Amino acid sequence: MSEAGATSLVLHHGWRSSASRRVRLALAEKGLSFESRIVDMVNGEQHSPEYLAINPNGVVPTLVHDGRAVFESSVICEYLDEAFPALPPLRPADAYARSVMRNFVRWVDEHCLPRIIVFNWSVSMQPVASGWNEQQLAERLARIPSAERREAWTRVARKPYTDDEKADAMRGLLVLLDRIDEQLAVSRMPWLTAPWPTIADFAAAPFVMRISELQPGAIESHTAASDWWQRLRARPCFGRARIEPYDASVHAERAAAPAPQRWPR
């Protein structure tokens, strides 16, 4: 029996959420089972009173372990490593390497997340948000605790990202491949900060996955990053974490959704 055998792990997440994907990779690498609870982010479930009661930031994912909530994806990943130390590690063995890992993760969060929103929300959120009237938009914004996220929702609802903004966001995302090449050269290992995959690798993976969809040739032009990406995708944790193509997942979900009900005139 794994260490989680006598405990309860519940993950509130979204299949396409970059932060949720990071945590699912960590759970899969650890071999931890969990109860999956999907949060309907398009319809604002993450801003409901019930969800805000466990995660006051109103974002996914949230891990509930034996009734106690842990949030922020990098914190969740480190928590898993500390709560289940006998399972495969998610962090380097020494303190300095752990500091390198944390700084790499922080850079990914600060640099890549704002840029990936430009693409992801244009596909998944904008078709719904653009249909809200002013009262509906105001009601949604009033429930969002983060000023940054209120701005993002306002953008997709009323001022969609332009082609120039998307091009600029892509240039920023591609810097991640340079950083991966550089970090692999420094580490001189198959992985970014340790001889095994760590939270740094799992933090980068969702963004590299999106780059592979939006600009497929970019990864192949970065030899070290390309080899790293092939190694990561070949690991069992990648399949178990369900890191699926973003656009295809959105379209499949919409195709499977029930047709809107038409009331008789």
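The values are calculated or read from the model by the stated rules, or taken from the named source; none is laboratory data. Just so it is clear, the model here is predicted, and its values are computed rather than measured. Glycine also receives a Cβ, built like all others from the backbone with ideal geometry; neighbour counts cover every protein chain displayed.
Determine, yes or no, whether residue 10 is of a type in the set (A, V, I, L, M), farther than 30 Å from residue 136 by Cβ and at pLDDT 95 or above.
On the way: of a type in the set (A, V, I, L, M): yes; farther than 30 Å from residue 136 by Cβ: yes; at pLDDT 95 or above: yes.
It is true that residue 10 is of a type in the set (A, V, I, L, M), farther than 30 Å from residue 136 by Cβ and at pLDDT 95 or above.
Restricting attention to the stretch 144-164, the residues that are in contact (Cβ under 8 Å) with a residue 40 or more places away in the chain and exposed (fewer than 15 other Cβ atoms within 10 Å of the Cβ) add up to 2.
Would you check which residues across the stretch 126-138 are over 19 Å from the mean Cα position of the chain (by Cα) and either surrounded by 12 or more Cβ atoms within 10 Å (Cβ to Cβ) or outside any helix (DSSP H, G or I) (or both) and list them? Quick ask: steps written out before the conclusion?
Here is the first cut: in the stretch 126-138, the ones over 19 Å from the mean Cα position of the chain (by Cα) are 127-138.
Result: 127, 128, 129, 130, 131, 132, 133, 136, 137.
I'd like the residue in the stretch 24-82 that is among the polar types (S, T, N, Q) and surrounded by 21 or more Cβ atoms within 10 Å (Cβ to Cβ) and, out of all such residues, is farthest from residue 120 (Cα to Cα). Per the stated criteria, the residue is 55.
Provide a single number: the residues in the stretch 147-178 that are among the hydroxyl-bearing types (Ser, Thr, Tyr) and either within 26 Å of residue 47 (Cβ to Cβ) or at pLDDT below 95 (or both). Show your work before the answer.
Restricting attention to the stretch 147-178, the residues satisfying the condition of being among the hydroxyl-bearing types (Ser, Thr, Tyr) are 154, 161-162.
Filter again for either within 26 Å of residue 47 (Cβ to Cβ) or at pLDDT below 95 (or both), leaving 154, 161.
Summing the residues that are among the hydroxyl-bearing types (Ser, Thr, Tyr) and either within 26 Å of residue 47 (Cβ to Cβ) or at pLDDT below 95 (or both) in the stretch 147-178 gives 2.
Kindly evaluate residue 123 against the criterion of being β-branched (Val, Ile, Thr), under 21 Å from residue 17 (Cα atoms) and buried (at least 19 other Cβ atoms within 10 Å of the Cβ). No.
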